[in-house]
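First comes the structure, then the notes that go with it.
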Amino acid sequence: MVTMAPRMLDRLRGKRGQAAEGDLFNPDCPTRLVLDQIGDKWTVLVVLLLSDGTMRFSELRARIGSVAPKVLTQTLRRMERNGLITREVFAEVPPRVDYTLTELGHSLIDPIAIISDWAETHIHRIVTAQRSYDATQDGGA
């Protein structure tokens, strides 16, 4: 299957001077799984928190707030599997586990920070648009 990337992606690749290794517009390309990971709100929050340095599970959970331990554990495992973080276990009582961004994880800081800043800057406009849209819908259908 041959797909064409939007011109914006072609321009970005040209600036980097390298071709893409994946094709996110190909439904069979694993790039979509990567987007699923980095587009996850918990991943975004973990990357931003770990951009300041190594943290323990309990620190991450406290700073994120409102995340179930199971969900955070699953997020951290996926991030470790994808090479975004390292996990170091210390033989202490109670056990201590530290999480640190890898070089690959660090490469996500700027893009995620830009998207996060955009979200915080435009949240009022988005909420207004949602309310306006919801008000025009007939019973939510």
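Among the residues of region 26-56, what is the count of those that are modelled with pLDDT of 95 or more, outside any loop (DSSP other than H, G, I, E, B) and more than 13 Å from the chain's Cα centre (by Cα)?
The number of residues fulfilling the criteria is 2.
Can you name the number of the only condition in (1) over 17 Å from the mean Cα position of the chain (by Cα); (2) at pLDDT below 95; (3) surrounded by 12 or more Cβ atoms within 10 Å (Cβ to Cβ); (4) not basic (Lys, Arg) that Glu92 fails?
(3)
Given the options Thr128, Thr121, Thr102, name the one that is polar (S, T, N, Q) and surrounded by 14 or more Cβ atoms within 10 Å (Cβ to Cβ).
Just a single option satisfies the conditions, and that option is Thr102.
Does Arg61 qualify as being within 16 Å of Gln37 (Cβ to Cβ) and either among the charged types (D, E, K, R) or in a loop (DSSP other than H, G, I, E, B) (or both)?
The answer is no for Arg61.
Answer yes if at least one residue in region 53-61 is buried (at least 17 other Cβ atoms within 10 Å of the Cβ), within 30 Å of Arg7 (Cβ to Cβ) and either among the aliphatic types (A, V, I, L, M) or out of contact with any Ser or Thr (no Cβ under 8 Å at 6 or more places or on another chain) (or both), and no otherwise.
Checked region 53-61: no residue is buried (at least 17 other Cβ atoms within 10 Å of the Cβ), within 30 Å of Arg7 (Cβ to Cβ) and either among the aliphatic types (A, V, I, L, M) or out of contact with any Ser or Thr (no Cβ under 8 Å at 6 or more places or on another chain) (or both).
For residues that are closer than 21 Å to Ala113 by Cβ and hydrophobic (A, V, I, L, M, F, W, C), scanning just region 63-77, find the one that is surrounded by the most Cβ atoms within 10 Å (Cβ to Cβ).
Leu76
Against the condition loosely packed, with under 11 Cβ neighbours inside 10 Å and under 18 Å from Val34 (Cβ atoms), how does Glu80 come out, does it pass?
Answer is no for this residue.
So if I check each of Val93, Val127, Val97, which one is of a type in the set (Val, Ile, Thr), part of a loop (DSSP other than H, G, I, E, B) and over 19 Å from Asp40 (Cβ atoms)?
Val93
The values are calculated or read from the model by the stated rules, or taken from the named source; none is laboratory data. As the structure is a prediction and not an experimental result, all values here were calculated from the model. Reconstructed Cβ throughout: ideal geometry from the backbone, glycine too, with neighbour counts over all protein chains shown.
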